[in-house]
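In what follows, a structure is listed as structure tokens, so that the remarks can point back to it.
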Amino acid sequence: MKKGILITFEGIDGSGKTTQINALIQRLQEAGMSYRLFREPGGTEIGEKIRDILLDKKNENMLNVTELLLYSASRYQLTVSEIIPALEAGNVVICDRFYDSTTAYQGYGRGIDLEFIYRLNDIATNSVTPDKTFILDIDLEERRKRLGKKNLDRLERETLEFHRKVRMGFLEMAEQNPERFVVLDGNQAPDELSKKIWNVIKILKEIS
Ligand code: TMP
């Protein structure tokens, strides 16, 4: 029986997820709340190996469905071996990306059939759904500035058009499910953003 809450962070690369996750963890620690943090792809020994394959820029011949299945494989491993037990133990579980990234990147971005993706997401998560999902939204110009001269991985090297579709995918999903998603303008000051995120989490903890 699930006792904890699952919070996920989503957005295109450079949207500031890491900064906000770190700020949230600090607040959870100050409040004495037990938490677990995971990232996707990865979060387990097997998942981290899958992550290396997925992000390796040498793997430029990877086919779209191979990519989809690898993300899903990493997710199943993480969900069953780590996320579900952590939720059952009553933790606030934070995930740096979860299945919405698959819908946005492999569905909206790559153009794989969305119905197929929804079914696979359901399998890969054992039907676990986040209680809240924060989307940090920035536009592509801001993304370009933030990534700067970083050595880009296989996904980050994709075209602007790909990343435009991914961003639109996230925003469309949020529009379709306003109960679960909170879209935040990623251009706001980090402190402002972290206050807003914390207010949402506090309410969620009270009612759960
Ligand atoms: P990260 O840079 O946020 O750690 O994520 C790794 C990359 O993988 C990022 O470019 C987004 C991408 N991704 C997908 O394409 N599909 C997925 O299901 C996930 C979790 C990430």
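Nothing in this text is a laboratory measurement; each read-out follows from the coordinates by a stated rule. Quick caveat: nothing in here was measured; it's all calculated off a predicted structure. FYI the Cβ positions are ideal-geometry reconstructions off the backbone, even for glycines, and counts take in every protein chain you see.
Some values worked out for this structure:
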{"quantity": "Search result, residues across region 171-197 that are assigned to a helix (DSSP H, G or I), surrounded by 18 or more Cβ atoms within 10 Å (Cβ to Cβ), in contact with a Phe, Trp or Tyr (Cβ under 8 Å, 6 or more places away or on another chain) and not small (Gly, Ala, Ser)", "calculated": "MET173, ILE197"}
{"quantity": "Which numbered condition GLU82 misses (of (1) without any contact (Cβ under 8 Å) to a residue 40 or more places away in the chain; (2) in a helix (DSSP H, G or I); (3) surrounded by 14 or more Cβ atoms within 10 Å (Cβ to Cβ))", "calculated": "(1)"}
{"quantity": "Search result, residues across region 98-124 that are assigned to a loop (DSSP other than H, G, I, E, B) and either small (Gly, Ala, Ser) or buried (at least 22 other Cβ atoms within 10 Å of the Cβ) (or both)", "calculated": "PHE98, GLY111"}
{"quantity": "Test set (1) over 15 Å from the mean Cα position of the chain (by Cα); (2) under 22 Å from LYS202 (Cβ atoms) - ILE94 fails condition number", "calculated": "(1)"}
{"quantity": "Pairs, first over 19 Å from ALA23 (Cα atoms) in region 86-105, second basic (Lys, Arg), C-beta under 6 Å, six or more apart", "calculated": "ALA86/ARG36; LEU87/LYS2; GLY90/LYS3"}
{"quantity": "Region 36-47 - residue that is of a type in the set (D, E, K, R) and surrounded by 15 or more Cβ atoms within 10 Å (Cβ to Cβ) and, of those, farthest from the ligand (Cβ to nearest atom)", "calculated": "ARG36"}
{"quantity": "Filtered residue count, region 3-62, keeping only those that are of a type in the set (A, V, I, L, M, F, W, C) and within 25 Å of ALA73 (Cβ to Cβ)", "calculated": "13"}
